[in-house]
Amino acid sequence: MKNIAIVTDTGSGIMQEEGRKLGISVIAMPFMINGEEYFEGLDEAHDTQGRKRLARDTFFAMQKADAEVSTSQPSITDITDVWDELLKTHDEIVHIPFSCGLSGTCQTAMMLSHEDEYEGKVFVCNNFKAAAAQRQSCLDAQKLVKEGYEGAEIQKILEREAHNCSIYATVGTLKYLKKGGRCTPAAAAVGALLRIKPVLELKDGGKLDKCVVARTERAAREAMIAALRKDLMEKHGDPTCKHGYISVLYSDDPKCSDELKAMLEAEFPGRVSKEISYDPLALNVCCHSGPGVMGVVLYEEIEELRSEARLAGAI
């Protein structure tokens, strides 16, 4: 069996310290504040480049104070340095980057993987995942490695499952979406005036669509659950969520999602994983969404990893 490494970036919500514990290599995603570059989730004890990091509470304080915030992507050397080091001890790499619909990181990694020194050794999965869904893809890739799948096979499976998740969220204010060009100034002004809480759906790993407009936080929570219920019937073919993983998303305050988590546990009790995790949104996402985000990710279990498939393979 080949020795295969899993690589991702902090867009997954996995920071470098946690990545070390999980056995996943993590590339820090950069962002800019008032013209200065910072890197999210650096493991300072192992960072030899003197790059700047920023605590989450400091980031949100600066954002609320109207600092100029923007996103960037890792440099080519940030990516290839990780690959080169891993290929000293591994036969192959499966790289699962932030969704190509939200960043150019995926396209850069795909281009690099076709260079002579990486061709046939590095497999970049363009599976349109972000946040908790990207994280679960990494964990699934690890499981597939243990099941004996090779890099090219894992890439094929993950890309086949590109649209097997549902992501819904509501934002504290439309101000930051307006700054990033995600909604018009007029819509943002009306939303602030009427105290509207739009429930947004992230489609195809990058397209942000309005799902429904709610007047209260509870109405927003109920709308997200109703949308998941519909997706389970029509998109996933799993009405009881037997094969679904669920994660609750937040930006700056996990407590804002406590009630949503409780409602989801009551609504979908029979999932493949009964634990609903809290997953903070990566700061490169929060650059555009702002504080006050509350959301949910439903991720469909990969067919090859279902207990029925494993049992059939053992017979």
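Side notes on the structure shown:
- Scanning region 64-116 for residues that are at pLDDT below 95 and among the β-branched types (Val, Ile, Thr) returns 69, 71, 105.
- The residues of region 23-40 that are surrounded by 16 or more Cβ atoms within 10 Å (Cβ to Cβ), without any contact (Cβ under 8 Å) to a residue 40 or more places away in the chain and either out of contact with any Lys or Arg (no Cβ under 7 Å at 6 or more places or on another chain) or not assigned by TED's automatic domain parsing to the domain that holds residue 84 (or both), listed by number, are 26, 33.
- Residue match in region 238-247 (condition: closer than 30 Å to residue 37 by Cβ and not assigned by TED's automatic domain parsing to the domain that holds residue 32): yes
- Qualifying helices (runs of 4 or more DSSP H) (wholly inside region 214-315; at least 3 residues being within 18 Å of the chain's Cα centre (by Cα) and surrounded by 14 or more Cβ atoms within 10 Å (Cβ to Cβ)): 283-289
- Filtering region 101-151 to residues that are closer than 23 Å to residue 245 by Cβ, among the small types (Gly, Ala, Ser), surrounded by fewer than 22 Cβ atoms within 10 Å (Cβ to Cβ) and within 16 Å of the chain's Cα centre (by Cα) leaves only 101.
- Output for region 45-89, where each listed residue is of a type in the set (A, V, I, L, M, F, W, C) and under 24 Å from the mean Cα position of the chain (by Cα): 54, 55, 59, 60, 61, 62, 69, 76, 79, 82, 83, 86
- Identification of helices (runs of 4 or more DSSP H) wholly contained in region 1-119 with 3 or more residues that are among the aliphatic types (A, V, I, L, M) yields 76-86, 105-113.
- Residue-level analysis places residue 33 outside the set of residues that are over 17 Å from residue 286 (Cα atoms) and β-branched (Val, Ile, Thr).
- Cβ-Cβ under 7 Å pairs, at least 6 apart or on other chains, region 50-79 side within 13 Å of residue 38 (Cβ to Cβ) and of a type in the set (Phe, Trp, Tyr), far side assigned to a helix (DSSP H, G or I) and modelled with pLDDT of 90 or more: 59/283
- Selection status of residue 44, assigned by TED's automatic domain parsing to the domain that holds residue 154, under 25 Å from residue 6 (Cα atoms) and either surrounded by 14 or more Cβ atoms within 10 Å (Cβ to Cβ) or modelled with pLDDT of 95 or more (or both): no
- Summed over region 120-158, the residues that are among the hydrophobic types (A, V, I, L, M, F, W, C), outside any loop (DSSP other than H, G, I, E, B) and over 15 Å from residue 6 (Cβ atoms) give a count of 3.
- Enumeration of residues in region 237-259 that are farther than 9 Å from residue 280 by Cα, in contact with a strand residue (DSSP E or B) (Cβ under 7 Å, 6 or more places away or on another chain) and without any contact (Cβ under 8 Å) to a residue 60 or more places away in the chain: 244, 246, 256, 257
- Any hit, region 237-248, residues being hydroxyl-bearing (Ser, Thr, Tyr) and more than 22 Å from residue 130 (Cβ to Cβ): yes
- Selection status of residue 60, over 23 Å from residue 133 (Cα atoms), surrounded by 15 or more Cβ atoms within 10 Å (Cβ to Cβ), outside the structural domain of residue 286 (by TED's automatic domain parsing) and touching an Asp or Glu at 6+ places or on another chain (Cβ under 7 Å): yes
The values are calculated or read from the model by the stated rules, or taken from the named source; none is laboratory data. Computed from a predicted structure; not experimentally measured. For neighbour counting, all protein chains shown are included, and Cβ atoms are generated from backbone atoms with ideal geometry for every residue, glycine included.
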